[in-house]
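Derivation of every value follows stated rules applied to the coordinates shown; laboratory data play no part. Keep in mind it's a predicted model, so treat the numbers as computed, not measured. Every residue, glycine among them, receives a Cβ derived from its backbone with ideal geometry; neighbour counts consider all protein chains shown.
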Amino acid sequence: MSLYARGAITGVGETEYSRASGRSVLRLTLEASLAAIADAGLAPGDIDGVIPYGNFQVVAEDLITNLGLSDLRFSAVTPLGGASCVAAVQCAAAAIAAGVCNHVLVPVARNGASGGRIGMRVNEMPQFRVVGEFEAPVGAAAPAQLYAPMARRHMELYGTTSRDFAEIAVTTRRHAILNGRAIMSTPLSVEDHQSSRLIADPFRLYDCSLESDGAAAIVVSSAERARDLRQPRVVVLGVGEGHPESPSAITQRRDLTRLGTAVAARCAFGMAGVTPEDIDVAEIYDCFTYIVLCQLEDLGFCEKGEGGAFVRDGALGLGGRLPTNTHGGLLSQAHMVGMNHVVELVRQLRGEAGAAQVVGAELGLVTGYGDMGDGTVAIFGRA
Amino acid sequence: MESIERPLAPPNPDAAPYWDGLREGRLMLQSCVSCGTVRHYPRPLCAECHSFEVEWLPSCCMGRVHSWTVIHHAFHPAFEDELPYCLVTVDLAEGVRVNVPLRDAGPHELGIGHRVHIVFERESAALTLPACVLVLRNEDPVV
Ligand SMILES: [Zn+2]
């Protein structure tokens with residue numbers, strides 16, 4: 001059994017994105033959940049599966065209690081950090097295909113700006129115990145500090161430059177402004193990027209994603225049932241999850257320039273029966289600019305080492321070879337752990353992406369990336 | 001003013017010989033008794049042959065630069081005073097890596113494959129941490 005065309009994204013919802021929501025994480029979760037359920041044309045009582053975010057701030061019990069879910073048959077978590085949301089799409093599609101449930105709610109919410117920043121929480125998380133024990137004592141613990149050597153190695157081996165990273169940051173900001181629901185709303189130039197302060201060389205301020213408040217949610221339903229629902233069908237054609245060797249300690253990874261994404265991509269493209277050339281629009285997890293560039297290679301949009309050349313000359317912009325992060329991403333819209341990427345891809349494929357709409361988008365790709373190297377990839381099609 | 005403590009994990013019996021070794025000025029690595037595979041960071045099981053039997057051997061402390069970063073933003077207050085500091089990902093001769101601060105040189109002197117050796121810095125009676133220094137070409141014993 002393959003998960004090909006077994007699941008569909010039938011509802012999407014978001015709160016506003018900000019740096020001070022003034023509401024609890026649970027409240028934000030419920031707001032986005034209700035929006036996604038209504039968007040699907042469902043009632044809360046129709047939800048019979050939930051996948052809360054794997055940081056356990058909100059659990060299935062909270063959703064049952066508040067939404068009045070009287071017949072919940074499936075609950076799970078997919079704790080892969082930034083790769084969680086797309087992993088949840090796979091998990092939901094598997095549960096649906098197995099006949100366990102029909103409509104799975106997947107919400108993410110956080111007060112990532114106002115309620116304790118994300119940067120230095122790494123050594124409190126069990127999947128990073130190794131980093132906390134052996135690297136945090138010498139001053140390597142935050143994601144920026146741990147990912148920077150991956151980017152430096154890529155630059156030294158392949159000639160990739162900070163200006164290539166700037167290209168990604170600038171294009172993403174342009175999309176955020178078109179999106180209109182983004183935290184960052186003023187234009188960013190290559191010069192702004194190049195003169196921004198260094199965080200962990202080669203990463204400058206504008207290579208790093210935002211820390212934000214807000215929530216986003218989706219409903220995953222069986223592709224069959226999606227025919228009878230309110231929205232144009234967006235079907236999950238391919239999905240995959242990949243973990244790199246030495247998943248926690250980047251330092252010990254044989255190839256610093258390859259992520260779990262490469263494994264996930266083979267699975268997702270194989271399942272969907274399409275190639276990178278077929279993709280009309282991509283929403284690529286962008287915790288750091290370099291991580292976008294590296295994933296473009298691991299996904300097969302270009303060869304390893306050619307990511308810098310690929311992103312030059314506006315390839316990621318509207319009208320470019322691969323319009324990417326058309327909502328402004330984690331870099332400029334909000335850090336919703338990539339659920340905002342899933343929401344945006346659905347909107348693109350429905351033709352609801354407003355000023356950032358990719359004309360005629362029928363096939364799109366979304367990735368998640370997190371926990372030091374886990375990669376997830378999903379390919380959605382309008383059907 | 002009291003200095004801020006570095007972030008340290010609770011004691012882990014699987015790694016005790018590593019921390020003990022640092023205090024004695026040695027970088028101890030695990031070597032699988034069954035198949036000889038050297039592994040790092042310390043952990044209970046050999047992923048190659050699934051033997052728990054391990055012996056701890058001191059590294060020769062020679063290595064080469066695999067990558068590096070220069071930290072300009074301290075995400076933990078203990079490192080504010082050290083900014084900016086350079087961390088080097090080192091390929092040790094034994095085939096595993098360490099991530100350690102660079103001493104007595106600047107990042108502009110670094111390149112992939114440059115030779116380094118591991119040194120030891122005593123923080124307190126209980127804690128010694130590894131660092132590295134560049135091995136200059138004219139001191140290079142191999143050439
Ligand atoms: Zn062994």
Could you go through the range B:10-31 and let me know if any residue there is under 19 Å from residue A:249 (Cα atoms), part of a strand (DSSP E or B) and without any contact (Cβ under 8 Å) to a residue 24 or more places away in the chain. no
So residue B:41, is it hydroxyl-bearing (Ser, Thr, Tyr), in a helix (DSSP H, G or I) and either farther than 29 Å from residue A:156 by Cβ or at the interface with another protein chain (Cβ under 9 Å from one of its Cβ atoms) (or both): no
So which helices (runs of 4 or more DSSP H) stay within the range A:130-247 end to end and still have 2 or more residues that are among the aromatic types (Phe, Trp, Tyr)? A:143-158
Can you confirm whether the range A:137-159 contains a residue that is away from chain B (no Cβ under 14 Å) and closer than 28 Å to residue A:343 by Cβ? no
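To keep it simple, each residue is scored yes or no on (1) in a helix (DSSP H, G or I); (2) touching a residue at least 24 places away in the same chain (Cβ under 8 Å); (3) within 22 Å of residue A:266 (Cβ to Cβ).
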position	(1), (2), (3)
A:301	no, yes, yes
A:316	no, yes, no
A:342	yes, yes, yes
A:346	yes, yes, no
A:367	no, yes, yes
A:378	no, yes, yes
Which numbered condition in (1) more than 16 Å from the ligand (Cβ to nearest atom); (2) under 14 Å from the mean Cα position of the chain (by Cα); (3) facing chain A (nearest Cβ under 7 Å) is the only one that residue B:27 fails? (3)
Can you confirm whether the range A:47-68 contains a residue that is among the hydroxyl-bearing types (Ser, Thr, Tyr) and in a helix (DSSP H, G or I)? yes
Determine which single condition residue B:119 fails, assuming it passes every other condition in (1) among the aliphatic types (A, V, I, L, M); (2) more than 16 Å from the ligand (Cβ to nearest atom); (3) within 12 Å of chain A (Cβ to nearest Cβ). (3)
Taking the conditions exactly as written (more than 19 Å from the chain's Cα centre (by Cα), β-branched (Val, Ile, Thr) and buried (at least 18 other Cβ atoms within 10 Å of the Cβ)), does residue A:160 satisfy them or not? yes
Among the residues of the range B:62-72, are any among the hydrophobic types (A, V, I, L, M, F, W, C), in a loop (DSSP other than H, G, I, E, B), more than 13 Å from the ligand (Cβ to nearest atom) and surrounded by 15 or more Cβ atoms within 10 Å (Cβ to Cβ)? no
